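The next block holds one structure in the form of structure tokens; read it before the comments.
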């Protein structure tokens, strides 16, 4: 087994089973969530590495310090002349859809610095099947007018999990994207009939779902969201306990897919931990699942 920037190649051991970001606008749009609706969420710190176009989310360690990275997202910050402002900010308004001043739209927009937001790749219309697909291919590069563009799934994660008032720090470190590395996403070809859909969007109408692989716990078909490992287990054990099958139900073999795990857990201490598992099949389409890890 070889490890690359926190991503592990895994052998399955059982056969079970926005062209621009114009979020500086002030046009009204869909649902805005209030502080009351989000104040009970777990506390997170969002670090935006502007120079590397990578976002890392942290939780606190046992001493109350923001030292535990739990999520990493590839992003597109502001391009030259429109750089995302450096500094420390807090999230405020949350929108399921946000209309921009040019008439384009973003999904799961979260404001954190006046007109600067986290949000999805822009869409030509308020339609999840009408994405500006060329802009999706720019993820990992500076491309916006100041906002932080993310995949639909990653923007939704911030929208769903980060409470109003979550601290956001924008900084520069071109040499080190972050402790979890910088994820990659599939590139969309002009001839791909699914190109105007975000491959990470779990919308039931998304045609990417027809080729999306599935994660599961090997040898535990009835408990595919629960991992049980003994105290002292290695990370090798936890990765080998998770398998991936393609949309046709065929198992992936060694070197045919990658998997990464994020979350706050300790394999040397008994406890129950929430983790997030991401798998990427040979077509480059990713799948994710929240799992519960029991260390006993």
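For the stretch 267-294, a residue qualifies if it is modelled with pLDDT of 90 or more and in a loop (DSSP other than H, G, I, E, B), and the qualifying residues are 267, 268, 269, 270, 284, 285. Scanning the stretch 97-125 for residues that are assigned to a loop (DSSP other than H, G, I, E, B), at pLDDT 95 or above and surrounded by fewer than 23 Cβ atoms within 10 Å (Cβ to Cβ) returns 124, 125.
Could you say which residue among 202, 227, 244, 188 is part of a strand (DSSP E or B) and over 22 Å from residue 296 (Cα atoms)? Explain how you work it out, then say what you get.
Values: 202 fails: part of a strand (DSSP E or B); 227 fails: over 22 Å from residue 296 (Cα atoms); 188 fails: part of a strand (DSSP E or B).
244 is the lone residue from the list that is part of a strand (DSSP E or B) and over 22 Å from residue 296 (Cα atoms).
Taking the criterion of being over 26 Å from residue 210 (Cβ atoms) and either assigned by TED's automatic domain parsing to the domain that holds residue 56 or surrounded by fewer than 17 Cβ atoms within 10 Å (Cβ to Cβ) (or both), the residues of the stretch 241-283 that qualify are 264, 266, 268, 269, 270, 271, 272, 273, 274.
Just checking, which of 138, 180 is part of a loop (DSSP other than H, G, I, E, B), assigned by TED's automatic domain parsing to the domain that holds residue 48, crowded, with 17+ Cβ neighbours inside 10 Å and out of contact with any helix residue (DSSP H, G or I) (no Cβ under 7 Å at 6 or more places or on another chain)?
None of the other options fit; the residue is 138.
The single condition among (1) assigned to a loop (DSSP other than H, G, I, E, B); (2) touching a helix residue (DSSP H, G or I) at 6+ places or on another chain (Cβ under 8 Å) that residue 253 does not meet is (2).
For beta carbons closer than 6 Å, sequence separation of 6+ or different chains, a first residue in the stretch 54-81 that is over 29 Å from residue 138 (Cα atoms) and a second that is assigned to a strand (DSSP E or B), the qualifying pairs are 61/68; 66/45; 66/58.
Among the residues of the stretch 73-98, which ones are within 18 Å of residue 156 (Cβ to Cβ) and out of contact with any helix residue (DSSP H, G or I) (no Cβ under 7 Å at 6 or more places or on another chain)?
Residues of the stretch 73-98 that are within 18 Å of residue 156 (Cβ to Cβ), as a first pass: 73-76, 91-98.
Within the stretch 73-98, 74, 75, 76, 91, 92, 93, 95, 96, 97, 98 qualify.
In a residue-by-residue description of the stretch 58-69, the property of being surrounded by fewer than 17 Cβ atoms within 10 Å (Cβ to Cβ), part of a loop (DSSP other than H, G, I, E, B) and at positive phi applies to at least one position.
The values are calculated or read from the model by the stated rules, or taken from the named source; none is laboratory data. Since we're looking at a predicted model, the values are computed, not measured. Counting neighbours? That spans all protein chains shown, and the Cβs are built from the backbone with ideal geometry, glycine included.
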